[in-house]
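Only one structure is covered here, and it is reproduced in the block below.
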Amino acid sequence: MKAIGYKENLPIEDVKSLQDVELAMPKASGKDILVEIKAISVNPADYKVRAGMPVQGDDWKVIGWDATGVVKEVGEDITLFKVGDEVWYAGDFTRQGSYAQFQVVDERIVGKKPASLSYAEAAALPLTSLTAWEMLFDRLEVAKNDASKSILVIGAAGGVGSILVQLAKKLTKLNIIATASREETTAWLKELGADSVINHRNKLSEEFEKYGLPAPEYVVSLNATEQHVEEIAKLIKPQGKFGFIDDPKSLNVMPFKGKAVSTHIELMFTRSMFQTEDMIEQHHILDKVSELIDNGTIKTTLGENFGTINAKNLRKAHAFLETGKAKGKIVLEGF
């Protein structure tokens, strides 16, 4: 089968950073299903792994997590899917990824693809939807019917923020304060449901004062967390909850002590990586999101389609994502 992989960690400008290769077809067994990949999307996790995770032995490392496709084969212990089903998922950090024509994945982290979306439109959503949902409802434990509270979403115009803002708008009664720094991303967030959009290039506390915004009970930081910690500590309401998803080199939580702010880390891969007892929750979340899309409650966050799934286009996608200027998600489809 066709696949895109690497053998050494190289800058994306190097043609060897991602290469077109031919690999053996995987087989489904146990709780695995074999999926024929139709479309994928690219995430920050992709370029972070490509640049920093060494390959063990002489095998090709195939990365990529978001995917949509069709079930071609099922393992002997499968209960949720059958051959021919259209599915979507965000994969497993410990296994070969979705930059391939075929992939095996545990059915417990797979959902039914939204019927109303194309493969490419749907591919933009699994990883970000799981991350946003788990952050809101598993980590921060946001109450869906509390209309008196606010949430600040820092760096909200990217993939996770674009779905988190929608979920917060449609499934909770929170006052949503999002941050962006460009006219187009500000407009995008307002379209998705943000009640206020402020500029994270300025001091957040000054932006809050300028627009008369209430102290948020919840703060979610999606990038550049290190730069915002002191401002978050100033702004957040006493006994509030703070969550982040990025990878700060260090994070001093002591500024939160005076306000007894709880700190939460969200990593979507945790359930599959450790085979947790509640691993099947990701199947349930993806099915719920699929329903929300098909009934028109939320929409795809597809930003740009970079064309066919191959090394050249993936290198282009990684390069653009590394600029930090992406709006929504980058997708690729077909081989």
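The values are calculated or read from the model by the stated rules, or taken from the named source; none is laboratory data. Only a predicted model underlies this, so the values are computations on that prediction, with no experimental measurement involved. Heads up, the Cβs are rebuilt from the backbone with ideal geometry, glycines too, and the neighbour counts pull from every protein chain shown. Protein only, heavy atoms only, side chains kept; ligands, DNA and RNA dropped before computing areas. Shrake-Rupley method; radii C 1.70, N 1.55, O 1.52, S 1.80 Å.
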E266 fails exactly one of the following numbered conditions: (1) within 27 Å of K210 (Cα to Cα); (2) of a type in the set (D, E, K, R); (3) touching a helix residue (DSSP H, G or I) at 6+ places or on another chain (Cβ under 6 Å); (4) surrounded by 17 or more Cβ atoms within 10 Å (Cβ to Cβ). What is the number of that condition? (1)
Check every one of the helices (runs of 4 or more DSSP H) wholly within region 159-256 and list those with 3 or more residues that are closer than 30 Å to E121 by Cα. 159-171, 183-192
Got at least one residue in region 246-259 being within 17 Å of I163 (Cα to Cα), open to solvent by 30 Å² or more (accessible area, probe 1.4 Å) and at pLDDT below 95? no
Output yes when any residue across region 144-155 is over 21 Å from L302 (Cα atoms), open to solvent by less than 10 Å² (accessible area, probe 1.4 Å) and more than 21 Å from the chain's Cα centre (by Cα), and no when none is. yes
Condition check for T172: among the β-branched types (V, I, T) and surrounded by fewer than 21 Cβ atoms within 10 Å (Cβ to Cβ): yes
Output the residues belonging to region 274-291 that are outside any loop (DSSP other than H, G, I, E, B) and closer than 13 Å to L130 by Cβ. E281, Q282, H283, H284, I285, L286, D287, K288, V289, S290
Scanning region 95-118 residue by residue, those open to solvent by 20 Å² or more (accessible area, probe 1.4 Å) and either assigned to a strand (DSSP E or B) or farther than 11 Å from W65 by Cα (or both) turn out to be Q101, F102, V104, R108, K112, A115, S116, L117, S118
Just to check your reading of the model, which residue among A100, A178, A124, A120 is closer than 27 Å to I232 by Cβ and not β-branched (V, I, T)? A178
Residues that are within 24 Å of A45 (Cα to Cα) and touching a strand residue (DSSP E or B) at 6+ places or on another chain (Cβ under 9 Å), drawn from region 238-247: F242, G243, F244, I245, D246
Would you check which residues across region 285-306 are under 23 Å from L80 (Cβ atoms), touching a strand residue (DSSP E or B) at 6+ places or on another chain (Cβ under 8 Å) and surrounded by fewer than 18 Cβ atoms within 10 Å (Cβ to Cβ) and list them? D287
Considering region 29-54, residues that are part of a loop (DSSP other than H, G, I, E, B) and either in contact with a Lys or Arg (Cβ under 8 Å, 6 or more places away or on another chain) or open to solvent by less than 10 Å² (accessible area, probe 1.4 Å) (or both), and then whichever is farthest from D246 (Cα to Cα), we arrive at K31
